[in-house]
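Read through the structure below, which is laid out as structure tokens, and then see the notes.
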């Protein structure tokens, strides 16, 4: 009898005698039982796929266009406000030359009359050299103003908060100096205000179009993800998963995509404005910089513009997330409606 049979026989005799069998000495170390670990649940949607990458690129493009539009509107409004402040800070008195008119005396009299009004600060008579410099871009250098009927100017600085009575000043100048004409620049100020308002309206319209296109893109992307994983959603919902849980999974997926896409587009737009501002600062007094400044003004958007770009990025991420959640909830409601209608679930048309 081998060793194993002797051990079994010895244990049986001990049991008949009413004694507990002696534990057999361990011949080898027993292997430990493996600890049970909870397997992490896999997400409903894969972390990255071709559709998700394409959607991220689309959101990045939309964010770039939205941030670029917001920055451009901010830049134009700041430039228009600067021009408006400069124009509304001064008024101009033009005196047309006539035969027998003492131009110097007329200029001094017009300045003294204007300074008698409350709201005026100081007056400056533009001499012949300054007037010639104003005409150089059109008539060239070496002008003889005595041979040309060029009006002379008196620039009056006014208080923007408490401007003078322009109508009364215009009437007094017309009586005392008939050759004088008062230009309070109201027409230019009104045009600048209209331009700024039009720019804001156009920018707002562009932002609305960009956000609308982005929302529609997210809706189609969400429905595409649902159609590819509809069986999983139906099984989860059938076994008791609430609509908020399923919508939350899709919401997390699209939130990650929207944050990455909006961050890429917003940072690219901010970098573009910073690069343009740096180029303009490093190329002062050059023809290219002068032309760009004349057309677009300063490329500086300031801290307000950069904060607006960051806020636009947040809005895009929130719109994407809420759109995905709303689309998923609506799709699950459609699944519940089809399940509750036997005729529709069997493929027959419902009455």
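Observations on the model:
- Within segment 212-222, the set of residues being surrounded by 17 or more Cβ atoms within 10 Å (Cβ to Cβ) and either farther than 11 Å from residue 324 by Cα or out of contact with any helix residue (DSSP H, G or I) (no Cβ under 6 Å at 6 or more places or on another chain) (or both) comprises just one member, 214.
- Residue check, residue 133 outside the structural domain of residue 204 (by TED's automatic domain parsing), out of contact with any strand residue (DSSP E or B) (no Cβ under 7 Å at 6 or more places or on another chain) and either under 30 Å from residue 265 (Cα atoms) or in a helix (DSSP H, G or I) (or both): yes
Okay, residues lined up against (1) over 30 Å from the mean Cα position of the chain (by Cα); (2) not assigned by TED's automatic domain parsing to the domain that holds residue 79:
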| site | (1), (2) |
| --- | --- |
| 154 | yes, yes |
| 160 | yes, yes |
| 171 | yes, yes |
| 184 | yes, yes |
| 196 | no, no |
| 204 | no, no |
| 207 | no, no |
| 218 | no, no |
| 230 | yes, no |
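- Filter result for the condition that a residue is within 30 Å of residue 338 (Cα to Cα) and buried (at least 17 other Cβ atoms within 10 Å of the Cβ), over 247, 264: 247
- Test: residue in segment 337-346 that is surrounded by 16 or more Cβ atoms within 10 Å (Cβ to Cβ) and at pLDDT 70 or above: no
- Wholly enclosed helices (runs of 4 or more DSSP H) of segment 1-117 bearing at least 2 residues in contact with a strand residue (DSSP E or B) (Cβ under 7 Å, 6 or more places away or on another chain), modelled with pLDDT of 85 or more and outside the structural domain of residue 310 (by TED's automatic domain parsing): 103-115
- Residue satisfying condition, being in a helix (DSSP H, G or I) and either in contact with a helix residue (DSSP H, G or I) (Cβ under 6 Å, 6 or more places away or on another chain) or in contact (Cβ under 8 Å) with a residue 60 or more places away in the chain (or both), within set 207, 153, 201: 207
- Qualifying residue in segment 293-301 (condition: crowded, with 20+ Cβ neighbours inside 10 Å and at pLDDT 85 or above): no
The values are calculated or read from the model by the stated rules, or taken from the named source; none is laboratory data. What you see is a predicted model, and the numbers here were worked out from it, not measured in a lab. No Cβ is skipped: glycine too gets one built from the backbone with ideal geometry, and neighbour counts run over all protein chains shown.
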